[in-house]
Amino acid sequence: MKKWITYMMLLTAATFTACTEDFNTDIAKPQQWEQEKAKTIGFKAESVGAIDLNKITTETVKVCTLTPPTLTEGSVSEYRLYLNDKISIAIDSLGQVKTSALQDSLVSLYGRRPVARNVRAHLYAFVTVGSQTLRSDSLIVPLTLTPRARFISPTYSLLLWKKGAANPTIIKFNHTGDVYENPVFTLVTKVEAGAEWAIGSQKHTSPIELEDAEEGTGLLGNATEGNDSAEGTLVPEGKRMKFKSAGWMKIELNMQDYTYKVTAMGNASPNLYVPGNHQSWAPATAPALYSADFMNYTGFVALNGEFKFTSEQTWNGTNYGAGAKDGLLSTDSKAGNLKVDKGFYLLRVNTSSLTWSAALIKTFGLIGDATTGGWTTSTPMTYNAAKGTYTATVTLKDGELKFRANDAWDISMGGALDNLTFDGANIKVKAGTYKITLNLSNPSKYTCTMEKQGEAGS
């Protein structure tokens, strides 16, 4: 049954104030007029139900049905809709608003994620009487609105076919934050000239089955088979593309508009190696730092005194030693070794500014309302130097948690369990007892496993 909502608008008479000083003692008192009674004007608005902007193709969309007020004087000059008392948009006498204005308002209030939102809307009428424009009291119109947004999978993978290979190598793209607020996914990898590639969403295994990409399971490619352009548009169930040249490539996907961009990185590498006392100064077996932009490198390394950074797994590339003062690097062949006390460190290097830092990791722990310590006290984890992991067996409540180092927030990690990031989002967990393992050995992909104790699986 449709609900009709009626509201009353009060048009009040003006009030006049007389001067209190007695300049006109001989003038008669003014005529006392009876105050005019307030006039009331009513109109009605009818809800049209839930609106999904993904299904709207017209320039305007009807959000309610208005029955204009019956006026004895004046006229309605404008109707306006106020959403959550924050954003105002124009609405016509037919209850229609511009689709673009409604979309922009929803994005501003809630973000781009395409889920239904219950919006508190206040409807006002502006009535012009003579030279005055009066605003009505508000009429509350409940609205359920879904913003327009293309489907964006939580994960995407590069499917890379080497020459002659029947099945592709699958490499997951990096991403941080909400996919609807940050729709850009990035990946740096080394390819051979002529290698074929496409994009997979969600989880893929070989062989690949072509399905509808808009449902999050299919293959994304180009409209033209073998296209080797550096940028272009992705289409569902598209054709394989090709890399024109060999070397390190940075691939960026913007899944809001379904576009891609490939940038050749030349002879640069996403890895920076750390030979030193901790592994007998052998670049070929040295632990590595990782960079998605070929400039800012990070990684966890167990050090034991002196070390250097190398661009290759030999001494034949660019080598970075101690600069003129603490925190600076030098590429001079005579530069001295870098030095720290024995311990497990988070290393950060910027090869553009030639700066570096080493943060000693004394502890790693769990924190969050899912843990017994809440958001104030970390639950300690046990370090395994040989594996580069931290473990803990804990009983959790329904809630959220993160990982943090040194009982402080300078270094914290969150996000997806298979791709943890610094300062990432809280991790949602279900109640139970788990063996949790934080793996920091791979600088390009920090991960965590949660094995539920007493049950099969994780």
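The values are calculated or read from the model by the stated rules, or taken from the named source; none is laboratory data. None of these values were measured; they are calculated from a predicted model. Reconstructed Cβ throughout: ideal geometry from the backbone, glycine too, with neighbour counts over all protein chains shown.
So which pairs qualify, if the first residue must be in the stretch 292-305 and touching a residue at least 24 places away in the same chain (Cβ under 8 Å) and not assigned by TED's automatic domain parsing to the domain that holds Thr421, the second must be part of a loop (DSSP other than H, G, I, E, B) and hydrophobic (A, V, I, L, M, F, W, C), the Cβ gap must be under 6 Å, and the two must be at least 6 apart or on different chains?
Final answer for the pair search is Phe294/Met265; Phe294/Ala268; Phe300/Leu440; Val301/Val274; Ala302/Ala385; Leu303/Val340.
Does the stretch 244-255 hold any residues that are crowded, with 20+ Cβ neighbours inside 10 Å and either free of Cβ contacts under 8 Å to residues at least 40 places away in the same chain or assigned to a loop (DSSP other than H, G, I, E, B) (or both), and which are they?
Our first condition is that a residue be crowded, with 20+ Cβ neighbours inside 10 Å; within the stretch 244-255, this holds for 249, 251, 253, 255.
Answer for the stretch 244-255, where residues must be crowded, with 20+ Cβ neighbours inside 10 Å and either free of Cβ contacts under 8 Å to residues at least 40 places away in the same chain or assigned to a loop (DSSP other than H, G, I, E, B) (or both): just Met255.
Does any residue of the stretch 177-191 turn out to be in a loop (DSSP other than H, G, I, E, B), at pLDDT below 85 and in contact with a helix residue (DSSP H, G or I) (Cβ under 7 Å, 6 or more places away or on another chain)?
Looking through the stretch 177-191, none of the residues is in a loop (DSSP other than H, G, I, E, B), at pLDDT below 85 and in contact with a helix residue (DSSP H, G or I) (Cβ under 7 Å, 6 or more places away or on another chain).
Of the conditions (1) modelled with pLDDT of 85 or more; (2) surrounded by fewer than 16 Cβ atoms within 10 Å (Cβ to Cβ); (3) not hydroxyl-bearing (Ser, Thr, Tyr), Gly130 clears all except one; give me its number.
(1)
Among the residues of the stretch 399-412, is any in contact (Cβ under 8 Å) with a residue 60 or more places away in the chain and assigned to a strand (DSSP E or B)? Let's see the steps before the verdict.
Looking only at the stretch 399-412, we keep the residues that are in contact (Cβ under 8 Å) with a residue 60 or more places away in the chain, and these are 411.
Going one step further and asking which of them are assigned to a strand (DSSP E or B), we end up with none.
Looking for residues that are in contact (Cβ under 8 Å) with a residue 60 or more places away in the chain and assigned to a strand (DSSP E or B), one finds none in the stretch 399-412, hence no.
Filtering the stretch 341-384 down to residues that are assigned to a loop (DSSP other than H, G, I, E, B) and under 21 Å from Asn271 (Cα atoms), which residue is farthest from the chain's Cα centre (by Cα)? So that I can check it myself, show each step before the final result.
Kept after step one, since they are assigned to a loop (DSSP other than H, G, I, E, B), are these residues of the stretch 341-384: 341-342, 351-354, 361-363, 368-378, 381.
Okay, now just the ones that are also under 21 Å from Asn271 (Cα atoms), so 351-354.
Values: Thr351: 27, Ser352: 27, Ser353: 28, Leu354: 30 Å.
Among residues in the stretch 341-384 that are assigned to a loop (DSSP other than H, G, I, E, B) and under 21 Å from Asn271 (Cα atoms), the one farthest from the chain's Cα centre (by Cα) is Leu354.
Of the residues Gly299, Gly276, Gly232, Gly266, which is in contact with a Phe, Trp or Tyr (Cβ under 9 Å, 6 or more places away or on another chain), small (Gly, Ala, Ser), within 19 Å of Gly194 (Cβ to Cβ) and buried (at least 17 other Cβ atoms within 10 Å of the Cβ)? Outline the logic, then answer.
On the way: Gly299 fails: within 19 Å of Gly194 (Cβ to Cβ); Gly276 fails: within 19 Å of Gly194 (Cβ to Cβ); Gly266 fails: buried (at least 17 other Cβ atoms within 10 Å of the Cβ).
On inspection, the qualifying residue turns out to be Gly232.
Out of the residues in the stretch 78-92 that are in a loop (DSSP other than H, G, I, E, B) and modelled with pLDDT of 90 or more, which is surrounded by the fewest Cβ atoms within 10 Å (Cβ to Cβ)?
Start the filter on the stretch 78-92 by keeping residues that are in a loop (DSSP other than H, G, I, E, B), which leaves 84-86, 92.
Checking the rest, the ones that are also modelled with pLDDT of 90 or more come to 84, 86, 92.
Values: Asn84: 14, Lys86: 10, Asp92: 13.
Per the criteria, the residue is Lys86.
Within the stretch 439-451, is there a residue that is surrounded by 13 or more Cβ atoms within 10 Å (Cβ to Cβ), of a type in the set (Gly, Ala, Ser) and not in a loop (DSSP other than H, G, I, E, B)? Before the answer, list the steps.
Residues of the stretch 439-451 that are surrounded by 13 or more Cβ atoms within 10 Å (Cβ to Cβ), as a first pass: 439-451.
Now restrict to residues that are of a type in the set (Gly, Ala, Ser): 441, 444.
Add one more test, that the residue is not in a loop (DSSP other than H, G, I, E, B), and what stays is none.
No, every residue in the stretch 439-451 fails to be surrounded by 13 or more Cβ atoms within 10 Å (Cβ to Cβ), of a type in the set (Gly, Ala, Ser) and not in a loop (DSSP other than H, G, I, E, B).
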